[in-house]
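J.: Would you mind keeping the following structure in view while I ask a few things?
The values are calculated or read from the model by the stated rules, or taken from the named source; none is laboratory data. Not measured: the values here are computed from a predicted model. With ideal geometry, Cβ positions are generated from the backbone for all residues, glycine too; neighbour counts draw on all protein chains shown.
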Amino acid sequence: MQIIVNGAPEEHPDGLSISDLLHAHNLSAVPCAVEVNKNLVRKPQHDEHTLQEGDTVEIVSLVGGG
Amino acid sequence: MTTTETAAVEPMSLAGRTFNSRLFVGTGKYPDHATMTAALDASGAEVITVAVRRERLYNEQGESLLDAIDTSRYTILPNTAGCFDPEDAVRVSRLGREILEQMGNPGASWVKLEVLGDKKTLLPDPTGTLEACKTLVADGFQVLCYSSDDPIAALRLKEAGAASVMPAGSPIGSGQGILNPANIVLILDLLKEHDPTYPVIVDAGVGTASDVTLAMELGADGVLLNTGIAHAQDPVRMAHAMRHALDAGLLAYRSGRIAKRKYASASSPWEGVIAHIPGE
């Protein structure tokens with residue numbers, strides 16, 4: 001299936017959870033937040049939330065800012 | 001007041017917590033992380049601001065901000081910089097909270113709310129800011145709210161439940177200092193009229209140390225700045241300057257300055273003058 005992750009298309013197997021996606025990007029241990037289709041999915045739900053074809057995912061973290 | 005040290009560390013209350021430093025500094029625009037961490041240290045700040053951005057998924061280079069900062073030392077205040085409508089600002093606020101909750105940082109329920117009007121001036125959108133402020137307060141956030149220096153706009157944000165209203169001295173990153181001190185004074189009068197401990201923090205536009213001093217001499221509770229330190233030729237030295245400038249302004253404000261006079265007032269006594277005084 002294809003999903004959009006941080007603005008770019010990615011191919012992943014069906015049944016991919018948010019935890020799987022974070023693992024694929026080596027972000028499992030990094031403090032970050034995930035939105036799916038503009039809805040925040042909190043960390044306790046990352047294992048159980050299965051991504052669907054066409055989902056738009058944002059993975060964000062903290063950067064320098066004022 | 002017997003020592004300057006006692007006065008300089010007079011703490012402030014903000015969003016239910018107490019801080020010894022009234023200087024709030026950003027973490028953006030530094031040439032490198034080592035300079036940033038040294039400048040943060042020199043500033044004495046206990047609260048530092050950060051932005052929420054897409055994780056770099058590919059071609060990541062260097063250490064991340066969170067690797068560079070001792071996060072246990074600071075209250076991390078996530079901002080909504082880059083948001084131009086209230087919906088996006090609320091989204092970003094919740095994302096920031098999610099990250100800081102994972103880190104166990106006390107800034108998790110805090111947000112520096114910015115809803116900007118346009119990219120060139122980065123001035124706040126007053127109606128969008130008010131709308132987002134109401135939503136976030138209802139969602140349990142402690143909203144530290146960036147505002148224009150319009151006194152009524154600032155008052156409406158306080159009435160909406162902002163934990164602090166933070167009027168701009170001048171546009172973000174402009175270094176123009178406090179362009180309208182009279183408006184800052186009106187904001188302080190209005191917001192503190194029946195609530196003298198309500199925190200008002202001058203945010204944005206600081207170019208150099210005297211701007212910080214002026215903000216405190218006007219009666220502000222604190223100053224938030226980023227570019228004035230980060231883009232100084234020597235950021236660490238400037239961070240020291242900002243810290244001392246804040247203490248100087250606070251001490252001067254608490255001391256009660258003399259009234260301005262049209263004519264001179266001699267500091268040496270006239271009595272016993274042996275010289276000829278014109279007109280006498």
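J.: Can you work out which of the residues in region B:79-97 that are within 7 Å of chain A (Cβ to nearest Cβ) and more than 14 Å from A:Lys38 (Cα to Cα) is surrounded by the most Cβ atoms within 10 Å (Cβ to Cβ)?
T.: B:Asn79
J.: Here's something else I'd like to know. Pick out the one residue from B:Leu251, B:Leu214, B:Leu190 that is on the phi < 0 side of the Ramachandran plot and touching a Pro at 6+ places or on another chain (Cβ under 6 Å). Break it down into steps so the answer makes sense when it comes.
T.: Details: B:Leu251 fails: touching a Pro at 6+ places or on another chain (Cβ under 6 Å); B:Leu214 fails: touching a Pro at 6+ places or on another chain (Cβ under 6 Å).
Residue meeting the stated conditions: B:Leu190.
J.: A further question follows. Would you call A:Leu22 more than 14 Å from chain B (Cβ to nearest Cβ) and surrounded by 18 or more Cβ atoms within 10 Å (Cβ to Cβ)?
T.: Details: more than 14 Å from chain B (Cβ to nearest Cβ): no; surrounded by 18 or more Cβ atoms within 10 Å (Cβ to Cβ): yes.
Taking the combined requirement at face value, the residue does not satisfy it.
J.: Does region B:27-45 hold any residues that are within 11 Å of chain A (Cβ to nearest Cβ), of a type in the set (Ser, Thr, Tyr) and touching a strand residue (DSSP E or B) at 6+ places or on another chain (Cβ under 6 Å), and which are they?
T.: The answer is B:Thr27, and nothing else.
J.: If B:Gly249 passes every condition in (1) touching a residue at least 40 places away in the same chain (Cβ under 8 Å); (2) of a type outside the set (A, V, I, L, M); (3) within 26 Å of B:Gly16 (Cα to Cα); (4) buried (at least 19 other Cβ atoms within 10 Å of the Cβ) but one, which one does it miss?
T.: (1)
J.: Where in region B:148-264 are the helices (runs of 4 or more DSSP H), entirely inside, with at least 3 residues that are away from chain A (no Cβ under 14 Å)?
T.: Numbers: elements: B:151-159, B:181-192, B:209-218, B:227-230, B:235-255.
It comes to B:151-159, B:181-192, B:209-218, B:235-255.
J.: If you don't mind, another one. So if I check each of A:Val34, A:Val30, A:Val57, A:Val41, which one is of a type in the set (Val, Ile, Thr), over 10 Å from the mean Cα position of the chain (by Cα) and either buried (at least 16 other Cβ atoms within 10 Å of the Cβ) or modelled with pLDDT of 95 or more (or both)? Spell out the reasoning first.
T.: On the way: A:Val34 fails: over 10 Å from the mean Cα position of the chain (by Cα); A:Val57 fails: over 10 Å from the mean Cα position of the chain (by Cα); A:Val41 fails: over 10 Å from the mean Cα position of the chain (by Cα).
Result of the check over A:Val34, A:Val30, A:Val57, A:Val41: A:Val30.
J.: Also, I was wondering about something else. Hey, does region A:32-48 have a residue that's part of a loop (DSSP other than H, G, I, E, B), touching a residue at least 24 places away in the same chain (Cβ under 8 Å) and within 12 Å of chain B (Cβ to nearest Cβ)? So that I can check it myself, show each step before the final result.
T.: Of all residues in region A:32-48, those part of a loop (DSSP other than H, G, I, E, B) come to A:32, A:37-38, A:42, A:46-48.
Checking the rest, the ones that are also touching a residue at least 24 places away in the same chain (Cβ under 8 Å) come to A:32, A:46-48.
Right, trim to within 12 Å of chain B (Cβ to nearest Cβ) and you get A:32, A:46.
Checked against the condition, which is being part of a loop (DSSP other than H, G, I, E, B), touching a residue at least 24 places away in the same chain (Cβ under 8 Å) and within 12 Å of chain B (Cβ to nearest Cβ), region A:32-48 yields at least one hit.
J.: Further question: Kindly indicate the residue of region B:157-173 that is surrounded by fewer than 19 Cβ atoms within 10 Å (Cβ to Cβ) and over 17 Å from the mean Cα position of the chain (by Cα) and also nearest to B:Leu191 (Cα to Cα) among those meeting that condition. Can you show your working first?
T.: Step one: filter region B:157-173 for residues surrounded by fewer than 19 Cβ atoms within 10 Å (Cβ to Cβ), giving B:159, B:161, B:171.
Then keep just the ones that are over 17 Å from the mean Cα position of the chain (by Cα); that gives B:159, B:161.
Details: B:Glu159: 9, B:Gly161: 12 Å.
The selected residue is B:Glu159.
J.: Within the set of pairs 6 or more residues apart or between chains, which connect a residue that is facing chain B (nearest Cβ under 7 Å) inside region A:50-66 to a residue that is assigned to a strand (DSSP E or B) and surrounded by fewer than 17 Cβ atoms within 10 Å (Cβ to Cβ) with Cβ atoms less than 8 Å apart?
T.: A:Glu58/B:Arg54; A:Ile59/B:Arg54; A:Val60/B:Arg54
J.: Among the listed residues B:Ala275, B:Ala204, B:Ala215, B:Ala245, identify the single one that is among the aliphatic types (A, V, I, L, M), within 27 Å of B:Leu116 (Cα to Cα) and out of contact with any Phe, Trp or Tyr (no Cβ under 9 Å at 6 or more places or on another chain).
T.: Values: B:Ala275 fails: within 27 Å of B:Leu116 (Cα to Cα); B:Ala204 fails: out of contact with any Phe, Trp or Tyr (no Cβ under 9 Å at 6 or more places or on another chain); B:Ala245 fails: within 27 Å of B:Leu116 (Cα to Cα).
It is B:Ala215.
J.: Let me ask you something else. Restrict the check to region A:1-10 and report whether at least one residue is loosely packed, with under 13 Cβ neighbours inside 10 Å, assigned to a loop (DSSP other than H, G, I, E, B) and either of a type in the set (Gly, Ala, Ser) or touching a residue at least 24 places away in the same chain (Cβ under 8 Å) (or both).
T.: Keep residues of region A:1-10 that are loosely packed, with under 13 Cβ neighbours inside 10 Å, which gives A:2, A:7-9.
So of that shortlist, the ones also assigned to a loop (DSSP other than H, G, I, E, B) come out as A:7.
Cutting the leftovers down to either of a type in the set (Gly, Ala, Ser) or touching a residue at least 24 places away in the same chain (Cβ under 8 Å) (or both) gives us A:7.
Checking region A:1-10: at least one residue is loosely packed, with under 13 Cβ neighbours inside 10 Å, assigned to a loop (DSSP other than H, G, I, E, B) and either of a type in the set (Gly, Ala, Ser) or touching a residue at least 24 places away in the same chain (Cβ under 8 Å) (or both).
J.: Take the conditions more than 27 Å from B:Leu246 (Cα to Cα) and at the interface with chain A (Cβ under 9 Å from one of its Cβ atoms) and apply them to B:Glu63. Does it pass? If you could, list the steps in order and put the result at the bottom.
T.: Numbers: more than 27 Å from B:Leu246 (Cα to Cα): yes; at the interface with chain A (Cβ under 9 Å from one of its Cβ atoms): no.
Spelling it out, it is not the case that B:Glu63 is more than 27 Å from B:Leu246 (Cα to Cα) and at the interface with chain A (Cβ under 9 Å from one of its Cβ atoms).
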